[in-house]
Every structure is written in structure tokens, then in C-alpha cells.
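Novice: Here it is, the structure in full.
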Amino acid sequence: MSNYRRAFIPGGCWFFTVNLLERRKTLLVDHIATLREAVAVTRQNHRFTIDAFVVLPDHLQTIWQLPPGDCDFSMRWRLIKSRFARALPKQERLSAVRVARNERGIWQRRFREHLIRDEADYARHVEYCYINPLKHGLVTRVRDWPYSSFHRDVRAGLFPEDWAGDSEANGDFGERR
């Protein structure tokens, strides 16, 4: 078994990647309202700030800031994932291990997190969230992907609407090759 080391910094800022178990599924965009509700209910009970968020068909990426004194992002992800899974009909294939543990076959068990180190690291990860649909060939312009907080940031004047219009989506942002 792997020895996972997570950084637990109260009030910290993290970049997360969370994947569906079956990467060819499109559950996240097919059930976007359910996902939004799971996040909203979790935020009501366990506060955190969403600095960036993008939902692709089979995974999502986000940047969160937790309140001062709080570092329990794992509990928040557990709640979001379980709320989302409970709202969906049980149609997925289950392994014997998942059946024995009474688990759904929706999400990968773990998630990837990266503690944001500084302003440059923060900017790089926000930009990666927003360019991710372009990188995966889902759109030809960042502004055309509807499941992204990019549109919120355009309205706030943080990004121009045509941002990354002539860019390539290159870079290593913690994804496996």
C-alpha cells in the first residue's frame, strides 16, 4: 500500500483533482446540478472558498481556501462525493471489494491535492483549471466550456473573455501521463 503524505495547513489553499472511477463516463456533466448541490450543501455545513472550479465529463479540478484553523479538506471531499453518489441511481458495476465495503463505483477512492505555495503557483493552477477543457479537446476556446468558474472571473474583471484564445494547453500540473 502506498504511503500518502498530505500537507495539513490550517487555513491553507489547495489545488485538487478528483476523478470518476470509470474515466470514460460523463457523469459529472450529465449530472452537473447534482454535483453543484453536493458542493453547496457541503459548503453550508463546512465552510470553504472556491477560488477556481472546472468540471469535465470524468474529473474535476478546483482550488479551495479553508477557514483559519481548519485543514480538513478530506472530510469535505468525502461529503461531496457521497452526496453526489447517493443522488444517482445504482447502475454502475461494482467490484467484490466495493460490495464488501458497501461502496459505490462512482469515484476513485483518493484524490490528488497540491498545497499552493505562492502567488505564482496559485496563478498557474487557476489558469490550468480554466484551460483544462481546451487541453482535453472539449472546446476550442476556454469561454465555450460552460462548467467553469472562468465565467465568474470574467464577470469580475479578473480575466478577459477571450483569455487563452491563442494559447496551447501545455504544462505539467500533477496529471499522470
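The values are calculated or read from the model by the stated rules, or taken from the named source; none is laboratory data. Note that the structure is a prediction, hence the values are computed from the model and not measured. Cβ coordinates were reconstructed from backbone atoms using ideal geometry, including for glycine residues, and neighbour counts include every protein chain displayed. Remember, those area values only see protein heavy atoms, side chains included, never the ligands or the DNA or RNA. Shrake-Rupley method; radii C 1.70, N 1.55, O 1.52, S 1.80 Å.
Novice: What is the sum of charges, Lys and Arg at +1 and Asp and Glu at -1, for the other residues whose Cβ falls under 14 Å from the Cβ of D153?
Specialist: Details: positive: R143, R152, R155; negative: D51, E127, E161, D162.
Net of charged neighbours comes to -1.
Novice: Right, next: Keeping all protein chains in the complex and leaving out DNA, RNA and ligands, what accessible area do you get for C13 with a 1.4 Å probe, in Å² to the nearest 10?
Specialist: 20
Novice: While we're looking at this one, here's another question. With a probe of 1.4 Å, find how much accessible area the chain has per residue, and write the answer as a whole number in Å². Let's see the in-between values first.
Specialist: Numbers: 10240 Å² over 177 residues.
Normalised by residue count, the accessible surface of the chain is 58 Å².
Novice: Let me ask something else. Less than 13 Å Cβ to Cβ from A87, Lys/Arg counted +1 and Asp/Glu -1: what total charge do the surrounding residues give?
Specialist: On the way: positive: R36, K81, R83, R86, K90, R104; negative: D30, E37.
Once all neighbours under 13 Å are counted, the net charge is +4.
Novice: Here is a further query. Expressed as a rounded percentage, what relative contact order does the chain have, with Cα pairs under 8 Å and six or more residues apart? List each step's numbers first, then the result.
Specialist: Numbers: 234 pairs, mean separation 47.6, N = 177.
Rounded, it is 27 percent for the chain.
Novice: In addition: In the chain, with Lys and Arg counted as +1 and Asp and Glu as -1 at Cβ, which of these residues, T49, Q61, H31, has the Cα nearest the positive end of the dipole, that is, farthest along it?
Specialist: In the chain, that residue is H31.
Novice: Given the -39500 (n - 2.57) contribution per DSSP H run of 4+ residues, what per-residue ellipticity at 222 nm results for the chain, rounded to the nearest 500 deg cm²/dmol?
Specialist: Numbers: 6 runs with 61 residues, N = 177.
Value at 222 nm, helices only: -10000 deg cm²/dmol.
Novice: Would you tally the net charge around D118, using a Cβ to Cβ cut-off of less than 15 Å, leaving D118 out, and scoring K and R as +1, D and E as -1? Each step should come with its number before you reach the end.
Specialist: Working: positive: R117, R124; negative: D51, E119, D121, E127.
Cβ neighbours under 15 Å give a net charge of -2.
Novice: Can you give the charge dipole size of the stretch 1-95 about its Cα centre, rounded to the nearest 20 debye, using +1 on the beta carbon of Lys and Arg and -1 on the beta carbon of Asp and Glu? Please list the in-between numbers first.
Specialist: Numbers: 15 positive and 8 negative charges, 55 e Å.
Once rounded to the nearest 20, the dipole reads 260 debye.
Novice: Right, another one. Assign one of three labels to the stretch 1-60, namely rounded, prolate or oblate, based on the Cα gyration tensor with a ≥ b ≥ c the square roots of its eigenvalues; rounded applies when a/c is under 1.5, prolate when it is not and a/b is larger than b/c, and oblate otherwise.
Specialist: Numbers: a/c = 2.23, a/b = 1.19, b/c = 1.87.
Judged from the Cα gyration tensor, the stretch 1-60 comes out oblate (a/c at least 1.5, b/c at or above a/b).
Novice: I need the Kirkwood Rh of the chain: take the reciprocal of the average 1/r across all distinct C-alpha pairs and report it in angstrom.
Specialist: The Cα-based Kirkwood calculation yields 17.2 Å.
Novice: Sticking with this one: Just the number, please: carbon plus sulfur as a percent of the accessible area of the chain, 1.4 Å probe, no ligands or DNA/RNA counted. Can you show the working numbers first?
Specialist: On the way: 4930 of 10240 Å².
Heavy-atom surface of the chain belonging to carbon and sulfur, 1.4 Å probe: 48 percent.
Novice: For the stretch 35-76, what ratio Rg/Rh do Cα atoms give with a Kirkwood hydrodynamic radius? Intermediate values should be presented prior to the final figure.
Specialist: Numbers: Rg = 10.7 Å, Rh = 11.1 Å.
Reported Rg/Rh (Cα atoms, Kirkwood Rh): 0.96.
Novice: Over all pairs of distinct alpha carbons, what does the Kirkwood formula give as the hydrodynamic radius of the stretch 1-106, in Å?
Specialist: Details: mean 1/r = 0.0671 Å⁻¹.
Kirkwood hydrodynamic radius for the stretch 1-106: 14.9 Å.
Novice: Percent of alpha carbon pairs in the stretch 89-142 separated by more than 18 Å? Don't jump to the answer; show the numbers that get you there.
Specialist: Numbers: 865 of 1431 pairs.
Looking at the stretch 89-142, the distances longer than 18 Å represent 60 percent of pairs.
Novice: In whole Å, what three semi-axes, largest first, describe the equivalent ellipsoid of the stretch 63-167 built from its Cα gyration tensor (square root of 5 times each eigenvalue)?
Specialist: Calculated on Cα positions only, the semi-axes equal 32, 20, 12 Å.
Novice: Further question on the same structure: Could you work out which residue, out of D162, D70, D144, moves most in a Gaussian network model of the chain, that is, has the largest mean-square fluctuation with Cα springs under 10 Å?
Specialist: So, out of D162, D70, D144, the one fluctuating most is D162.
Novice: In addition: Taking the dipole about the Cα centre of the stretch 60-167, with the C-beta of Lys and Arg at +1 and of Asp and Glu at -1, give me whichever of G165, L115, L79 is farthest to the positive side.
Specialist: Most positive-ward Cα: L79.
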